[in-house]
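For reference, the structure is listed below as structure tokens.
The values are calculated or read from the model by the stated rules, or taken from the named source; none is laboratory data. The structure presented is a predicted model; accordingly, all values stated were derived computationally and were not measured. A quick note on method: Cβ atoms are made from the backbone with ideal geometry, for glycine too, and the neighbour counts reach across all protein chains shown.
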Ligand SMILES: [Ca+2]
């Protein structure tokens, strides 16, 4: 947090008028009083510095010191309007801005009680502030209608070498306990400037407006991603005269977005990340807004998923081809098996036939063997008979020779 106290303001900004820094506070008070009188007297376009029936204020009008900080810090004030619906026509800031360096932007935002952005507008410092002049500055807004409590958030986008916006803080009791320093990137409070805090105060930020009928909310209906862009559809259940959208990049630069509408649907296409602010102008000229953070991680996750999906699709295609190949191989194998079965059955038949033949041959062999045995037996018998016949013949011959010898002798 960077603070610039009144003493410092006076001793730097009003040095020309005040050679004695200790007199600075009185001098500042006097100048503010003079300014208030002059604006009231001349009835200029400058809004009076004190609360009117249509001005919501949490400070008492006395600046104690100036606050500024680097992004993502922002000065926030919570307002509780007197009616449920409130039309914001302008925001007033008591501040001093040192205009130097290249022209650059600060932001004014409206958040709802749930810390959701409803409106975000980038503004050039030199279009709003006079150089090094502590004063009330009025920033006109396009009739933004809010429901219930809301925050006005000023993001000074402090830099060392560019314009430096110092927002006044009323640091005298009583305290409204409605000012805080926000992390506008994360949408979380960084520091509550409550009476019980170490540094209580009220940012000198006020709201000009009037009661308005409550309007329906602009709601996000769908988000889709593709390789090039994020496509969001918002619904507004009412007559829409105009619709527009603006993306604030992470570095703070604003980009206008493409918007198309059809009936209640407003389609916004974005190809970057950052804070998206979508706005519709109703038939009555009021403006209703919605904010949405388009996250880098969400897109990265989508891209990763998309890449994984493509890889899986390719793998699936490889698998499909493998299955096809396997199916073909399976069919071939089936055919081969069928053929093999056929061949087997043929072989089996041949085997059966061979076995039958074998059996028949065995039977024939057995029969032949029996025939051989019988013949062999018959042969033996015949041989015996032949031996007996030969022996009988020899005996007969011998007997005859003996008889012949006897007679002759
Ligand atoms: Ca006060």
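For the range 56-78, which residues satisfy the criterion of being over 23 Å from residue 133 (Cα atoms) and within 16 Å of the ligand (Cβ to nearest atom)? Residues satisfying the conditions are 56, 78.
Is it the case that some residue within the range 295-302 is surrounded by 10 or more Cβ atoms within 10 Å (Cβ to Cβ) and outside any helix (DSSP H, G or I)? Yes, that holds for at least one residue. Taken as a whole, the structure places residue 228 among residues that are away from the ligand (no atom under 16 Å from the Cβ), in contact (Cβ under 8 Å) with a residue 24 or more places away in the chain, closer than 23 Å to residue 249 by Cα and assigned to a loop (DSSP other than H, G, I, E, B). Scanning the range 175-191 for residues that are buried (at least 19 other Cβ atoms within 10 Å of the Cβ), modelled with pLDDT of 95 or more and more than 16 Å from the ligand (Cβ to nearest atom) gives 181, 182. Touching a residue at least 24 places away in the same chain (Cβ under 8 Å), surrounded by 10 or more Cβ atoms within 10 Å (Cβ to Cβ) and in a helix (DSSP H, G or I): is that true of residue 345 in this structure? Here the answer is no, as residue 345 does not meet what is asked. If you check 194, 172 for being within 11 Å of the ligand (Cβ to nearest atom) and farther than 28 Å from residue 247 by Cα, only one passes: 172.
Based on what the data block shows, is residue 99 more than 29 Å from residue 212 (Cα to Cα), buried (at least 16 other Cβ atoms within 10 Å of the Cβ) and away from the ligand (no atom under 16 Å from the Cβ)? When the stated conditions are applied, residue 99 passes them.
Scanning for something closer than 22 Å to residue 90 by Cα, assigned to a loop (DSSP other than H, G, I, E, B) and in contact with a strand residue (DSSP E or B) (Cβ under 7 Å, 6 or more places away or on another chain), does the range 253-267 turn up at least one residue?
Scanning the range 253-267 turns up no residue that is closer than 22 Å to residue 90 by Cα, assigned to a loop (DSSP other than H, G, I, E, B) and in contact with a strand residue (DSSP E or B) (Cβ under 7 Å, 6 or more places away or on another chain).
Quick check: anything in the range 153-171 more than 16 Å from residue 68 (Cα to Cα) and in a loop (DSSP other than H, G, I, E, B)? Scanning the range 153-171, I find no residue that is more than 16 Å from residue 68 (Cα to Cα) and in a loop (DSSP other than H, G, I, E, B), so the answer is no. Inspection of the range 96-106 identifies at least one residue that is modelled with pLDDT of 95 or more, touching a strand residue (DSSP E or B) at 6+ places or on another chain (Cβ under 8 Å), in a loop (DSSP other than H, G, I, E, B) and not assigned by TED's automatic domain parsing to the domain that holds residue 284. Taken over the range 198-213, the residue count meeting the criterion of being loosely packed, with under 14 Cβ neighbours inside 10 Å and within 38 Å of the chain's Cα centre (by Cα) is 1.
Output the residues belonging to the range 224-234 that are surrounded by 13 or more Cβ atoms within 10 Å (Cβ to Cβ) and over 23 Å from residue 88 (Cβ atoms).
225, 229, 230, 231, 232, 233
Scanning the range 241-260 for residues that are closer than 24 Å to residue 72 by Cβ, exposed (fewer than 14 other Cβ atoms within 10 Å of the Cβ) and either in contact with a helix residue (DSSP H, G or I) (Cβ under 7 Å, 6 or more places away or on another chain) or modelled with pLDDT of 90 or more (or both) yields a single hit, 256.
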